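The values are calculated or read from the model by the stated rules, or taken from the named source; none is laboratory data. As the structure is a computational prediction, the values presented were derived from the model and not from experiment. Every residue, glycine as well, gets a Cβ built from its backbone with ideal geometry; the counts of neighbours run over all protein chains shown. We work out accessible area using only protein heavy atoms, side chains counted, and drop any ligands, DNA or RNA first. Shrake-Rupley method; radii C 1.70, N 1.55, O 1.52, S 1.80 Å.
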Amino acid sequence: MLQNKIFGFVSLGCDKNRVDSEKMLGLIKERGYALTDDPSEANIIIVNTCAFLSSAREEAIETALELAEYKRGNLEKLVLTGCLPQKFIDELFEPFQEADVFLGINEYDKLLPALEECYRSGNRVNLVGAGGDTFKTQRVQTTAEHYAYLKIADGCYNHCTYCLIPKIRGKYRSYPMEQLVKEAKELGEIKELIVVAQDTTRYGEELYGENRFVSLLKKLSALENISSIRLLYCYPDVIGDELIQEIKTNEKIVKYLDIPLQHSEDRVLKLMNRKGSREKYLTLFKKLRQEIPEMAIRSTFISGFPTETEEEFTAMKAFLEEAKLTNCGFFAYSKEPDTGAARMKPQVHHATKARRVKELYAVQGEISKRFLSTFVGKELTVLCDGIDYDKKCFVGRAYFQAPDIDGKVYFHAAHAVQGENYQVKINACDEYDLYGNTEDYIL
C-alpha cells in the first residue's frame, strides 16, 4: 500500500531527537521509498516532535498544522512521532484530527506497518505505548557529512524537579557497546563524532552494572573512520579522575566538555534536585584546567527558578565571573506540568525571568569576548563547516565551539573544503564569534 509513496520528514528539538529521526529515515530508505525536502511533493510527512518545554510543544503543534495544509494537494497521511505523543497522547489524539498516525519514542520500528494499517483500514492509528525493538538500520545523515551525533543512551534517572524527560523518555537505558561501535563505524569518514545522551557520563551503569563511559570512548577512538570525538551532556558529579585522564591523554577527544549546571547557588540546586554545589563546581573546573590547561567548558543555566531571590541571581552572575566558562546558554524557567517545581511557590514573574536571562547573557558575553580576544593576531585551527552566503565567506569552528550551540569562526580563504581543517589568522572577535583569513587569501 505504500508503493510509490514519497516521504517527507521534519525533525524538531534536540540532537538526540535528530538521531532518532535519522534512523527512521534509514528505515524508509532501506525499504526503497523516495524522500523529498519539499512538503508539497510528499504523500506522507512525518513530524518527530519535542515536548521538553511548553514552547517546544507549541512549535510541534504549529508545525504539524502548517504541514496538514498540504492535504489540499499531494499529502495523504501526517504522522506524529516522538516526545509529544509519548507524553500527551490522551490530550492529543481526539482533538488533533489532522494527524493520521501517532507513535511514541519506542515505536519507531512500527512506522511502516502503522502506515500500511492506516491506508488499509482508512482509520487513524495510535500505537503510542505499544513498545518495540531498538531498530538497527543504517542512518540517513542529516548533518553535514563531516560530523555526526552518536546517541549512546536514552531516558534519565536524575529526576530534576523542573524536567519532564524521565516522564517522557523513562529510565536511563544504555545502548549495547557493540551496537554503538558498529553504528559509528557505519557512519563513514567522520571528522567529528559528537557523543550525546540525556546524561552521557552515566553510560553503562544499569546495563553492565558499572560505569563504562571511558571504555566506550576507547573503543570509539580506535575506529579509523573517526578523527575526533566531542562530549556533550556530561554531568558534573560523574566526571571523575578516570574520565579526566582519558580526555587528557586521548588525542582524538576534543578538549571540550559540555557540563550542564543549571544553577550555581546551593539552595536552588537542592530544590532542583541537582547533586552539585557552588564549591564542588568551582573545584571541578579548577581540576580540569590544572590537568588540561586548554580545556574549554560549556554549560547551561536556568534563571527564575521558583523562589529564586534577587540575591541568588546576583550570586549566579558572580559565579560566572569566577568560573570563566568558555560558552554558556541561559534559559528562563518554564513551568511544566507534572513536575515538582511547578508546585513550588512563589513562582517568579515572567518579566523578572526575562530580565535575569538578559543580564546573564550580558555578563557571559563580556567573559566570552575576553576569552576570544586572546586569539586575535594568532593562528587557530578551524574545521570548515561550509560557506556563509550572507557574510560572503567560509564558516567553521575551533575546538571550543560545538555545532549550533556555540559561536563560529568566519574566515576568508582563496579556497576551502567543507570538512577540512585550516589554519586561520584571527583578526577580530565579538562576544561569540571570531573573524579571520587563511594565509592564501589576498585582499
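Being of a type in the set (A, V, I, L, M), open to solvent by 10 Å² or more (accessible area, probe 1.4 Å), touching a strand residue (DSSP E or B) at 6+ places or on another chain (Cβ under 6 Å) and farther than 30 Å from E76 by Cα, is that true of even one residue in region 189-209?
First, pick out the residues of region 189-209 that are of a type in the set (A, V, I, L, M): 190, 193-197, 207.
Add one more test, that the residue is open to solvent by 10 Å² or more (accessible area, probe 1.4 Å), and what stays is 207.
Subsequent filtering for residues that are touching a strand residue (DSSP E or B) at 6+ places or on another chain (Cβ under 6 Å) retains 207.
Checking the rest, the ones that are also farther than 30 Å from E76 by Cα come to 207.
Checked region 189-209: at least one residue is of a type in the set (A, V, I, L, M), open to solvent by 10 Å² or more (accessible area, probe 1.4 Å), touching a strand residue (DSSP E or B) at 6+ places or on another chain (Cβ under 6 Å) and farther than 30 Å from E76 by Cα.
Of all residues in region 10-40, those satisfying the criterion of being touching a strand residue (DSSP E or B) at 6+ places or on another chain (Cβ under 6 Å), without any contact (Cβ under 8 Å) to a residue 40 or more places away in the chain and closer than 16 Å to Y70 by Cα are T36, P39. The residues in region 215-240 that are of a type in the set (A, V, I, L, M) and farther than 20 Å from Y157 by Cβ can be counted, and the count is 6. The residues of region 379-426 that are basic (K, R), part of a loop (DSSP other than H, G, I, E, B) and over 25 Å from the mean Cα position of the chain (by Cα), listed by number, are K391, K392. When you look at D388, is it loosely packed, with under 15 Cβ neighbours inside 10 Å and farther than 23 Å from Y256 by Cα, yes or no? So D388 fits the description; yes. Quick check: anything in region 271-287 under 16 Å from L232 (Cα atoms), within 25 Å of the chain's Cα centre (by Cα) and part of a loop (DSSP other than H, G, I, E, B)? Checked region 271-287: no residue is under 16 Å from L232 (Cα atoms), within 25 Å of the chain's Cα centre (by Cα) and part of a loop (DSSP other than H, G, I, E, B).
In this structure, does I302 turn out to be under 22 Å from the mean Cα position of the chain (by Cα), within 24 Å of G329 (Cβ to Cβ), of a type in the set (V, I, T) and open to solvent by 10 Å² or more (accessible area, probe 1.4 Å)? Criteria met by I302. The residues on offer are D133, D109, D154, and the sole one that is open to solvent by 10 Å² or more (accessible area, probe 1.4 Å) and either touching a strand residue (DSSP E or B) at 6+ places or on another chain (Cβ under 7 Å) or aliphatic (A, V, I, L, M) (or both) is D154.
Does any residue of region 429-436 turn out to be crowded, with 17+ Cβ neighbours inside 10 Å, assigned to a strand (DSSP E or B) and out of contact with any strand residue (DSSP E or B) (no Cβ under 6 Å at 6 or more places or on another chain)? Yes, the conditions are met somewhere in region 429-436.
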